[in-house]
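Report on the following structure.
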Amino acid sequence: MGTKVLGIVADLGVAKALTDGPRPVDDIARKVGANADSLLRFLRALASDGVFAEVEPGVFSNTDASRLLSGEGWDDFAHLFGSVWYQAVSDLEAETGEATFPRTFGTDFWAWFADHPEERASFDRAMTEGKERRVERLSRVEWHGGETVVDVGGGNGSLLMELVRRQPGLRGIVFDLPETNRDEAQLAREGCEFMAGSFFERVPPGDAYLLGTVLHDWDDEHAAAILHTIRKGAPPGARVLIFDSVIQPGNDPQGAKWLDVLMLVIAGGRERTEAEWRELVEGAGLRIDAIEDGLVQASCL
């Protein structure tokens, strides 16, 4: 219920309506086009978990948590979790081990996006969340002027543009499907370009390849095929930087363990342990240079 309600509230833009401070729920409802009684009950329930705050009866304000819904990416994540992913999760079962999304929607996840450009745009915006953490990690990687960096499955190019801003002299190529939502004029201003294509067929030549939460979308067979495509198109010594979780042993809380279930639902993908990453990457003809939760560094032999 929390997932569904949060998605509804994000779609309504309630957090943005509270940007200037607390407001009575009747005012919020009029502004966002909602039923006041339902919205009261939604916000009261969310506030009990720290998302929004009821500062006096029937008057709500943002909290640090709800304020995220006004920022880049988080409201789109809430939308996806509360709508299309929510529906697919409702059909989750353990008998077949197959993704439930195709059964729920009649086609696979990526083909469905191709037919629903607004949802694809929402997904691309959601993928910008966390780019600051990724770029901070990339800033610790040694870069050389004049290198070509290919962001494989790079969406709207937000990660690559930020990297090029911080590392002048790099040339960026965003490589993704033609239906990807992007601003090619902005890419060009930031020293990047967009190339359309499938990473199962080819990748542009480059000195370094970024895979930002791409491989976890796929089962081992398809993830290996992506890595083989990169290995085939890359020169020897090219670097491959994989931004994905590494599932930790033990029973400590880790969001990746729940994200792993979502990957099963959407496309039969998976999060991986360190041993599984080593088997996958090395089996594709790459050498692992370093591995930590969130970043696997490899190079082409």
Positive dipole terminus of region 131-300, leading residue within ILE266, TRP143, GLY155 (C-beta point charges): TRP143
Ordering of 164-170, 10-16 by packing [mean C-beta count within 10 Å, highest first]: 10-16, 164-170
The chain: angle of helix 220-233 to the longest principal axis, Cα-based, in degrees nearest 10: 50
FRET efficiency estimate (nearest 0.05) - Cβ-Cβ, ASN35 to GLU274, R0 51 angstrom: 0.55
Extent along principal axes [Cα atoms of region 122-217; Å; largest to smallest]: 31, 27, 26
Nearest 10 degrees, 0 to 90: helix 255-267 Cα axis against the chain principal axis: 80
Three-way shape call for region 74-126 based on the alpha-carbon gyration tensor, with the a/c threshold at 1.5: oblate
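Tell me the relative contact order for region 4-62 as a rounded percent, counting alpha carbon contacts under 8 Å between residues six or more apart. Present the calculation step by step, with values, prior to reporting the outcome.
Details: 65 pairs, mean separation 21.5, N = 59.
In percent, rounded to a whole number, it is 36.
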Cα-projected label distance for ALA45 with SER90, points at 7 Å along beta-carbon direction, nm: 1.4
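Taking the number of other C-beta atoms within 10 Å as the exposure measure, put THR229, THR180 in order starting with the fewest. Please list the in-between numbers first.
Numbers: THR229 18, THR180 22.
Taking fewest neighbouring Cβ atoms as first place, the list is THR229, THR180.
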Which of CYS192, CYS300 has the fewest Cβ neighbours within 10 Å, and the rest in rising order: CYS300, CYS192
Whole-Å semi-axes of region 69-164's equivalent ellipsoid (Cα gyration tensor): 31, 15, 13
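Indicate, rounded to the nearest 5 percent, the antiparallel portion of the DSSP beta bridges found entirely in the chain. Please list the in-between numbers first.
On the way: 15 of 35 bridges.
DSSP beta bridges in the chain are roughly 45 percent antiparallel.
Rounding to the nearest 20 debye, state how big the charge dipole of region 25-75 is about its Cα centre with +1 on each Lys and Arg Cβ and -1 on each Asp and Glu Cβ.
Roughly 120 debye for region 25-75.
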GNM top mover of ASP108, ASP91, ASP20 - the chain, alpha-carbon springs below 10 Å: ASP20
ASP27, ASP75 arranged by Cβ crowding within 10 Å, fewest neighbours leading: ASP27, ASP75
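SER83: net charge of surrounding residues, Cβ under 15 Å, Lys/Arg +1, Asp/Glu -1, itself excluded? Don't skip to the end; give the middle numbers.
Working: positive: LYS4, ARG120, ARG125; negative: ASP11, ASP75, ASP76, ASP91, GLU118, GLU119.
In short, -3.
What does the net charge come to around ARG44 if you take all other residues with beta carbon closer than 13 Å to its beta carbon, with K and R at +1 and D and E at -1? Each step should come with its number before you reach the end.
Numbers: positive: ARG41; negative: ASP37, ASP49, GLU54, GLU56.
That works out to -3.
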Degrees separating the helix 36-47 axis from the principal Cα axis of the chain, which is the longest one: 60
Those lysines that a straight Cα-Cα span of less than 19 Å connects to LYS31, excepting residues fewer than 8 apart in one chain: LYS16
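Give me the mean projected area, in nm² to one decimal, of the convex hull enclosing the Cα positions of region 221-301.
Details: hull surface 20.9 nm².
Answer in nm², one decimal: 5.2.
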Neighbourhood net charge (12 Å Cβ-Cβ; Lys/Arg +1, Asp/Glu -1) for ALA126: -3
Highest-fluctuation residue, PRO249, PRO24, PRO205 considered, GNM on the chain with Cα pairs under 10 Å: PRO249
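Would you work out the charge dipole size for region 74-126 about its Cα centre, treating the Cβ of every Lys and Arg as +1 and the Cβ of every Asp and Glu as -1, and quote it to the nearest 20 debye? Let's see the in-between values first.
Working: 3 positive and 11 negative charges, 15 e Å.
Value, rounded to 20: 80 debye.
Compute the Rg/Rh shape ratio of the chain: radius of gyration over Kirkwood radius, all on alpha-carbon atoms. Mind dumping the intermediate values first?
Values: Rg = 20.8 Å, Rh = 20.7 Å.
Rg divided by Rh gives 1.00.
Computed from the coordinates by the stated procedures, all read-outs in this text should not be read as laboratory data. Everything quoted here is computed from the prediction, not taken from an experiment. Neighbour counts are summed over all protein chains in view; Cβ atoms, including those assigned to glycine, are modelled from backbone coordinates with ideal geometry.
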